[in-house]
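Computed from the coordinates by the stated procedures, all read-outs in this text should not be read as laboratory data. These numbers come from a predicted model, not from an experiment. Cβ: placed from backbone, ideal geometry, glycine included. Neighbour counts: every protein chain shown.
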Amino acid sequence: MRIFDPHIHMTSRTTDDYEAMHDAGVRAVVEPAFWLGQPRTSVGSFVDYFDGLLGWERFRAAQHGIAHHATIALNPKEANDPRCRGVLDLLPRYLEKDGVVAVGEVGFDSMTREEEDVFVRQLELAGEHDLPVLVHTPHRDKAAGTRRTLEIVAQVGIAPERVVVDHLNEVTVDVVDDAGCWAGFSVYPDTKMDEARMVRILQRRGLERVMINSAADWGRSDPLKTWRTGQTMLSAGFTEHDVDHVLWRNPVAFYGQSGRLLLDDVDAGADYAGNTLQRGEPLTPAAQG
Amino acid sequence: MTPDPAPTATRARLASGAEARLEELITEVRRDPGRLSRAVARAARVVGRGPGPDGHRVEDVARARLVAAAAEATGPAGASAVVEDAYRTGDADERRAVLLALPDLDLEAAALPLVEDALRTNDARLVAAAMGPYAAAHLPAEAWRHGVLKCLFVGIPLTAVADLEHRRDAELDRMVAAYAAEREAAGREVPAHARALLDRTPSNH
């Protein structure tokens, strides 16, 4: 099984997770810029965070044979803090970087005016930088937030196939499908999808324009949920080709619209040898005598 | 017998198609050095990526030459600020290229803060680039010795350390021997490059 997890917060995960992910077949990830559990209070915090996504986290992933990409944005929660508004001025620089595959996570948290202004501005930036968009749907009042999200995407005029609307569920998937956007699902204990429900949705609506992620972060979550969903698909009668369609080819197709995927060095089959993704000095593992 | 060092990234030349694409970016940056940040961000996508001439990567050569072009176009008074900005606004690959360009930029010791910043990371790509000819020429002894130890810690072969045999001294050898002893006391492998250094007779003691 080769797996591309299109939404996972690796800054919150240890190298044990990278090892387990690689063993399960994960060879690529997209890590969206988001909130850290507690509000940031200055633009400088975001500079260091964004730099970490593009620097340290990409290196850490490479040491485990995984290609790491990022999305960059001012997330919905922190869009409400005037001290963080200056992050929007940083974006033109970051949206030109290698491996930045979308503007995201953007969207709504509490549906405030400030959130809407920042959401619209970032949709415009996505157009200016020719990048797709990763939209987070709110956890509170989700259905209403999803509908308002789709209205705004249509108003700004971004092509729907360049937008993924994430964290969907049974009551929000149809309206997103009808709008022509990609449907993102997070298989995440307690608060989002589970594997069995995910497979039922796939059986009902098919495998096109859908992405499945673990959204694993600092909460109670599991970076192997993509693999577990793939196993559940197989048990339900889907083929390995179907699993590859959803877990690999779909994220490649969606984020490939950015022209920024870094998959050239990915060996989606063989054992990790240590050097293929270093893109710098070859390392000498201590075990080599 | 030390082999001649390979040409630095700024002196390397790419295959003709890549050279042509790079020349376009260089022209843009010479005309307006303020465009450097955007040019290095886009360099790999525009020029190319992967193994290149003289053991360098194509994107490292492209970026290093862009930095050199912007520094030259700015002139001696402003070059250091241009180079620092390229480093600070760069992702890790872009920072690496800035470090690789330093030996050819005529900055004296002005760029040492960038080398020190790179040596403060655990990103092997940056640490290796930081211990090249610029650090060999300008990094004070204490910091340079710690840089060598850092290479051993993060698994960078000591062949990446420029002028190692020339700069090594009794104090470095003591630190490396202490590290080897610590590993042995823990029942762990001593990195091959540490062992090799200790086994080589120093040429300058």
### Query
What FRET efficiency would be calculated for the residue pair B:Arg31, B:His166, taking the C-beta separation as r and a Förster radius of 45 Å, to the nearest 0.05?
0.65
### Query
By the gyration tensor of its Cα atoms, with a ≥ b ≥ c the square roots of the eigenvalues, what is the shape of segment A:3-256: rounded for a/c under 1.5, prolate for a/b over b/c, or oblate?
oblate
### Message
So if I take the centroid of the Cα atoms in segment B:102-147 and the same for segment A:102-140, what is the distance between those two points in Å?
### Response
40 Å
### Message
Assuming 0.36 nm per residue, please report the length gained on full extension of the stretch A:Ala196 to A:Val252 beyond their Cα-Cα distance.
### Response
17.8 nm
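For chain B, which longest stretch is free of loop sites, where a loop site is one of the trypsin sites (Lys or Arg not before Pro) that DSSP puts outside H, G, I, E and B and that has at most 16 other Cβ atoms within 10 Å? Intermediate values should be presented prior to the final figure.
Values: sites that count: B:Arg13, B:Arg120, B:Arg188, B:Arg200.
Segment B:14-119 is the longest.
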### Summary
For chain B, the longest principal axis of the Cα atoms and the Cα long axis of helix B:76-88 enclose an angle in degrees, to the nearest 10, of 70 degrees
### Task
Tell me what chain B gives for mean residue ellipticity at 222 nm when only DSSP H runs of n ≥ 4 count, each as -39,500 (n - 2.57), the sum divided by the residue total, rounded to 500 deg cm²/dmol.
-19500 deg cm²/dmol
### Message
Only Cα pairs within less than 10 Å get springs; with that Gaussian network setup on chain A, which residue of A:Ala62, A:Ala215, A:Ala20 has the largest fluctuation?
### Response
A:Ala20
### Query
Calculated from DSSP H runs of 4 or more alone, at -39500 (n - 2.57) each and per residue, what is the 222 nm mean residue ellipticity of chain A, nearest 500?
-11000 deg cm²/dmol
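For B:Ala71, what charge total do you get from the other residues with a beta carbon under 10 Å from its beta carbon, if Lys and Arg give +1 and Asp and Glu give -1?
Details: positive: none; negative: B:Glu72, B:Asp104, B:Asp106.
So the surrounding residues net to -3.
Classify segment B:123-205 as rounded, prolate or oblate from the Cα gyration tensor: take a ≥ b ≥ c as the square roots of its eigenvalues, call it rounded if a/c is under 1.5, otherwise prolate when a/b beats b/c and oblate if not.
Numbers: a/c = 1.91, a/b = 1.29, b/c = 1.48.
Because a/c hits 1.5 or more and a/b fails to exceed b/c, segment B:123-205 counts as oblate.
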